[in-house]
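The values are calculated or read from the model by the stated rules, or taken from the named source; none is laboratory data. These numbers come from a predicted model, not from an experiment. Neighbour counts run over all protein chains shown; Cβ positions are idealised from the backbone, glycine included.
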Amino acid sequence: MAESGINSEYQSNRNGNRRGMHPNSRKNLKPGFHKGKSGNAGGRPNPLTSLIREMIDQDADYIAYGALPTDKTWKQLIARAILRKASDGDVSMVNTLLDRLEGKVVQPLGGEGGKPIVIKVVYDGSD
């Protein structure tokens, strides 16, 4: 007969299984969480982004503002528009191009004279 009280984790049920050791109970614990892995690595899906990614490589059946049909993809039309605006002097499009082509400029972090930042932690022992 099982003891009652403190050691309930070792108690057996009427079928002789220890508490929490029944195969159905164990099955609920699997697969479990794995260290360093996110349960939702991709994050919440964005329907607009998904639609754009789906359509970007398709042939564009028209150019904006009702111009003639084209044999270009949406990606090619967007690239052309960015290049055209950048060449007309649009600074934000120039920055967009440079960020895409060269990568964003890294902002270095450092202390005085470019030296590393040193953080000192002092305990006063009054805990």
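Listing for the model above:
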{"read-out": "Neighbours by Cβ (under 8 Å, 6+ apart or cross-chain): first from the stretch 69-93, among the aromatic types (Phe, Trp, Tyr); second exposed (fewer than 15 other Cβ atoms within 10 Å of the Cβ)", "value": "TRP74/MET55; TRP74/ILE56; TRP74/ASP57; TRP74/GLN58"}
{"read-out": "Any hit, the stretch 33-48, residues being of a type in the set (A, V, I, L, M, F, W, C), at pLDDT below 80 and assigned to a loop (DSSP other than H, G, I, E, B)", "value": "yes"}
{"read-out": "Answer residue from the stretch 93-124, given it is polar (S, T, N, Q) and surrounded by 10 or more Cβ atoms within 10 Å (Cβ to Cβ) and is nearest to the chain's Cα centre (by Cα) among those", "value": "THR96"}
